[in-house]
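The values are calculated or read from the model by the stated rules, or taken from the named source; none is laboratory data. What you see is a predicted model, and the numbers here were worked out from it, not measured in a lab. Note: ideal-geometry Cβ built from the backbone for every residue, glycine included; neighbour counts use all protein chains shown. Keep in mind that these areas ignore ligands, DNA and RNA; they rest on the heavy atoms of the full protein, side chains included. Shrake-Rupley method; radii C 1.70, N 1.55, O 1.52, S 1.80 Å.
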Amino acid sequence: MRKLFSPVNVGLLVLFFLYSFGILIRSAFDPNGYVTSDSAHYLQLAQNLLNRDGLSTANYVDGMSTYFATWPIGYPLLIAAASAVTGLSVFWASKLVNILCLAFCFWLVKRLFAERAIPFALIFSIATFSDMFVYTWSEVPFLLGMLWLVFGLYRYITTLKYRYIGHLFAASLFMYFMRYIGLIGAGIIGLLGFYFLFKKQWKPMIACWLSGSISILLACIYLVVNFIQTGQFTGMERIPRIETPSEFWTMLREAIVMEGNIFSSVEHVSFLWTIIVVLLALIVFLRPKRLFQLFQTERQRLVLPGLFLAVGIIYLIGIVYMRWTAYFDTFNFRLLGPATFMVAFSLCSWIAMTDKRTWLPWRRVPMFVFTATFIVNVLYPVYTSIKTEEQTYKETIDEVKSDYEAIPQHSIVAFENIHARYLRLDIQFIKVHFRPYFAEAESIEAFHERITPNNTAGIYLQVKSLRGYHYGKGFEKMMEQGLEEGKTFLSLWEEEMALYPNRNSWKEGSTLPLTH
């Protein structure tokens, strides 16, 4: 019992509750609850699974797949399970999943660093992670999977106990089912097999290669099922990047600098403040000779820092290569966060692996730096969330529900409000293709052809500004008119006839159901 309530355990528990409280408060008081377009798709599938409707959502257009394949099903599945067990809505279940992921991260931190664990729990207050754990994003369990993978690697290398091969296998699959790039987990296990090959340790080598191969095989089966269902291995066409090489590397460099800013949760706080705080900690808490002691750490103590760094570098290479070959989100904390996570743990575990004489003065440095990040990135956002006069998440949802009462069941909606995806599962939400995420900006005629024939009750466009992306001119014109008239929705047929009264393609013989 005394061990259970040791100072370290109590400290970790207090930090965990403070982090969890921050996640809940910030989610409740944010107008969108930290739900993005991707988040809405996760919540939509989670609600669909709860309704026992499988991995496809409402589909009123023949031949148009609504099978969930753009992302792996792992995160929505966790949300659905949390909702089924607790009775929470899928939104709050997603926040519970994030909190549980944080709890397991704390458990792994305690297992890895024992009585030196407190500074590592404070790593989660770095801006990238304190923000990421509030969002309904699959990156949250992915971070847990990466930490779990390093735990398994370290334990297996240092003990050669086969139960840690089980950890490695489970962690690699967990990573993959959160994000497709998680396949690197199986590759890392394979690389560990080569390490044992060079050491002529045949049994560990075979165990690693067998574990990694099974993970890759299961991942390939999953991708083949996606292909059968959608015609694409990941559910959608992946177009080439639009940036020139120079623009690409400039974007990456700027994003990496932003990742180095551990206080970026607060606007207008530059990277300079990170440098100042770190230098201040080094000057105040360390004598010059202590700086050199860190570089005298014995080689065997550098295994864990090296594993964190290696996994981070492999992830970074993987995500940069994927973004080089295909266009998707620009580099930001969401894409680079997992690499930052590993680098942060690598640097701090380097300190933690030192002997007691070096650890005692050095521990004050991460404690000072991360306490500052905790105040700025965790406590301050909670305070500003409570004090804000912005619309709350509940008020946003009430507004969306009220707006969508006007939309009949079994309709198609484009340009939807993201929250409608999980609030109205009877609607099929169809994206109008736009640049640069699709090869071409879709015209009204092309959109009409793509969704014809269908058995929908009506086709609607939710009125919103289309700035920031390149849509067909016809859609932009319709949106401009809708905004001027203060409309919430446009009936596609009626608005098209008003804007294009002479269009031949809308004459008798169209199989598109009309909305009267």
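Counting alpha carbon pairs within less than 8 Å and at least 6 residues apart, what relative contact order, in whole percent, applies to the chain? Please report the intermediate quantities before stating the final value.
Numbers: 718 pairs, mean separation 96.6, N = 516.
Relative contact order of the chain: 19 percent.
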### Query
Which aspartates and glutamates have a Cα lying under 18 Å from the Cα of K477, excluding residues fewer than 8 positions away in the same chain?
E416, E440, E442, E445, E485, E494, E495, E496
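Beyond a 26 Å Cα-Cα separation, which of these cross-linked pairs lie in this structure: K394/K473; K401/K473; K95/K387? Present the calculation step by step, with values, prior to reporting the outcome.
Numbers: K394/K473 35 Å; K401/K473 30 Å; K95/K387 21 Å.
Those over the limit are K394/K473; K401/K473.
Filter the chymotrypsin sites (Phe, Trp or Tyr not before Pro) in the range 117-189 to those in DSSP coil with at most 16 other Cβ atoms within 10 Å of their Cβ, and list the result.
Details: sites: F120, F124, F129, F133, Y135, W137, F142, W148, F151, Y154, Y156, Y162, Y164, F169, F174, Y176, F177, Y180; in loops: F133, Y135, W137, Y162.
Those that pass, being in a loop and sparsely packed, are Y162.
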### Task
Could you tell me the accessible area of L108 in Å² (1.4 Å probe, neighbours in place), rounded to the nearest ten?
10
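Looking at the P(r) of the chain, how many percent of alpha-carbon pairs lie beyond 44 Å? Kindly include the intermediate steps, with their values, before the conclusion.
Values: 28443 of 132870 pairs.
In whole percent, the long-distance tail amounts to 21.
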### Query
Over the range 1-82, what percent of the accessible surface lies on carbon and sulfur atoms, probe 1.4 Å?
65
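From the helices alone, meaning DSSP H stretches of at least four residues, give me the mean residue ellipticity at 222 nm for the chain, per-run term -39500 (n - 2.57), in deg cm²/dmol to the nearest 500. Intermediate results must be reported in sequence, preceding the final value.
Working: 23 runs with 315 residues, N = 516.
Using -39500 (n - 2.57) per qualifying helix, the result is -19500 deg cm²/dmol.
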### Query
If you keep only loop residues by DSSP, which trypsin sites (Lys or Arg not before Pro) in the range 123-225 have at most 14 other Cβ atoms within 10 Å of their Cβ?
K161, K199, K200
### Message
Run the reach check for K3 against aspartates and glutamates, Cα to Cα strictly under 16 Å, same-chain hits fewer than 8 apart removed. What comes back?
### Response
E115
### Message
If the reach is capped at under 28 angstrom between alpha carbons, list the lysines near K289, excluding any in the same chain fewer than eight residues apart.
### Response
K356
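State to the nearest 20 debye the size of the charge dipole of the range 162-269 about its Cα centre, where the only charges are +1 on K and R beta carbons and -1 on D and E beta carbons.
On the way: 8 positive and 6 negative charges, 158 e Å.
About 760 debye.
Given N residues in the range 201-312, what is its alpha carbon radius of gyration divided by 2.2 N^0.38 Å? Intermediate values should be presented prior to the final figure.
Values: Rg = 22.9 Å, N = 112, 2.2 N^0.38 = 13.2 Å.
Computed over Cα atoms of the range 201-312, the ratio equals 1.73.
After finding the eigenvalues of the alpha carbon gyration tensor for the range 316-472, what semi-axes result from the square roots of 5 times each, listed largest first in whole Å? Working shown, then result.
Details: eigenvalues 429, 115, 32 Å².
Equivalent-ellipsoid dimensions as semi-axes: 46, 24, 13 Å.
Please report the projected area of the range 113-155's Cα convex hull averaged over all directions, in nm². Provide the component values of the computation, followed by the final result.
Working: hull surface 13.5 nm².
Across all orientations, the range 113-155 yields a mean hull projection of 3.4 nm².
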#### Entry: Cleavage-rule hits (GluC sites (Glu not before Pro)) in the range 244-309: DSSP loop, at most 16 neighbouring Cβ within 10 angstrom
E267, E298
### Task
Could you list which residues have their amide H under 5 Å from that of Y460, counting only those 5 or more apart in sequence or on another chain, with H placed in the peptide plane?
I412, V413, A414, L492
## Note on the structure
Given a 1.4 Å probe, the accessible area of the chain per residue, as a whole number of Å², is 48
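Using the Cα atoms of the range 322-370 to build a convex hull, what is its mean projected area in square nanometres? Can you show the working numbers first?
On the way: hull surface 17.5 nm².
Across all orientations, the range 322-370 yields a mean hull projection of 4.4 nm².
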### Query
Carbon-plus-sulfur fraction of the accessible area of the range 159-290, 1.4 Å probe, in percent?
72
### Message
Over 5 Å intervals from 0, what percent of Cα-Cα pairs in the range 1-82 sits in each interval?
### Response
3, 12, 15, 14, 14, 11, 10, 8, 6, 3, 1, 1, 1
